[in-house]
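For reference, the structure discussed in these notes is given below.
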Amino acid sequence: VSAVTEQWRQGGRLVTGWDVIIKNPVISIPYGWVVYGTDARRTYRSIRAVGQFPDGSRVLDVPCGGGVAFRALRPDRPLRYVAADVSPVMLARAREEAAARKLDWIELCEADVEALPFDDDEFDHCVTYWGLHCFPDPALAVREMTRVLRPGGELRGNTVVKGAPHQNALIALWQRLGIFEAVHDREALRGWLVDAGLEQVSVDRSGAIAFFSGRKPEG
Ligand SMILES: C[S@@+](CC[C@H](N)C(=O)[O-])C[C@H]1O[C@@H](n2cnc3c(N)ncnc32)[C@H](O)[C@@H]1O
């Protein structure tokens with residue numbers, strides 16, 4: 001297990017601090033501008049689309065962290081929603097978030113994204129927000145997330161990529177503190193998505209954050 005994965009698993013202050021930031025737009029919006037040159041509201045807009053998946057959709061949210069994406073869900077519109085993360089500390093926060101929102105149908109699962117405990121073709125959607133830059137082998141993670149999607153299923157999310165020099169300096173700080181793995185550029189990200197076999201790949205950069213999506217080919 002990499003030192004970064006271990007730090008996320010253990011869930012110290014840096015780790016839980018992230019969850020506090022991302023769940024509070026009053027903090028995350030200025031933080032997003034200053035640190036990544038991005039508009040954090042774009043992340044919330046992207047997350048809101050999770051609430052529009054058709055009834056009964058099977059959704060994998062990995063890494064779910066403390067459950068920031070749960071804000072898109074409604075108690076009376078159950079999906080099969082599996083929220084997976086390697087960190088028991090983050091999963092405990094996700095459990096609290098689900099309870100507070102009365103989303104008792106969410107399934108929480110401790111799992112490593114690079115070896116997902118799910119069958120091929122099990123989900124209609126996989127969402128992965130702020131995750132790939134925390135994984136030791138993001139290309140493998142993308143292949144795993146693609147494997148568990150059904151043909152025609154969609155992967156979407158965002159991740160930190162190389163940005164302007166001052167953003168890269170802050171990224172290097174997060175790496176020194178052991179919460180980020182290597183950070184790549186947008187072209188590398190596109191390569192992982194294409195190499196995993198996804199089609200209709202889109203990668204759009206906003207500051208040092210890339211938003212991406214792709215679809216598993218039908219049949
Ligand atoms: C920056 S947080 C993002 C979490 C959430 N998606 C969000 O937007 O708040 C990164 C998450 O990745 C998880 N993580 C790190 N390595 C992982 C791995 N190998 N497999 C699954 N989750 C992992 C961490 O525990 C943490 O919850």
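The values are calculated or read from the model by the stated rules, or taken from the named source; none is laboratory data. Note that the structure is a prediction, hence the values are computed from the model and not measured. Quick reminder, even Gly has a Cβ in these numbers, built from the backbone with ideal geometry, and neighbours come from all protein chains shown. Surface areas here come from the heavy atoms of the whole protein model, side chains and all, with no ligands, DNA or RNA. Shrake-Rupley method; radii C 1.70, N 1.55, O 1.52, S 1.80 Å.
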Coil-residue GluC sites (Glu not before Pro) of the stretch 158-219, DSSP, other Cβ within 10 Å capped at 10: GLU218
Positive-end residue of GLN7, LEU173, TRP105, charge dipole of the chain with Cβ unit charges: LEU173
Where a label projected 7 Å from the Cα of ASP121 along Cα→Cβ would reach, residues of the stretch 147-171 with amide N under 20 Å: 147-155
Surface accessible to a 1.4 Å probe, per residue, for the residues of the stretch 129-173, Å²: 31
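May I ask you to give the percent of accessible area on the chain that is carbon plus sulfur, with a probe radius of 1.4 Å? Don't jump to the answer; show the numbers that get you there.
On the way: 5050 of 9640 Å².
For the chain, the apolar C and S fraction of the accessible surface comes to 52 percent.
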Separation of alpha-carbon centers, the stretch 121-150 and the stretch 70-120, rounded to whole Å: 15
Percent of beta bridges antiparallel (DSSP, the chain, rounded to nearest 5): 45
Cα centroid separation - the stretch 8-68 against the stretch 163-183, whole Å: 18
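What do you reckon, how do LEU79, LEU108 stack up by accessible area (1.4 Å probe), largest on top? Spell out each step's value before the answer.
Details: LEU79 15, LEU108 55 Å².
The residues order as LEU108, LEU79, largest area first.
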Label-point separation in nm, ALA169 to ALA3, each point 7 Å along Cα→Cβ: 2.3
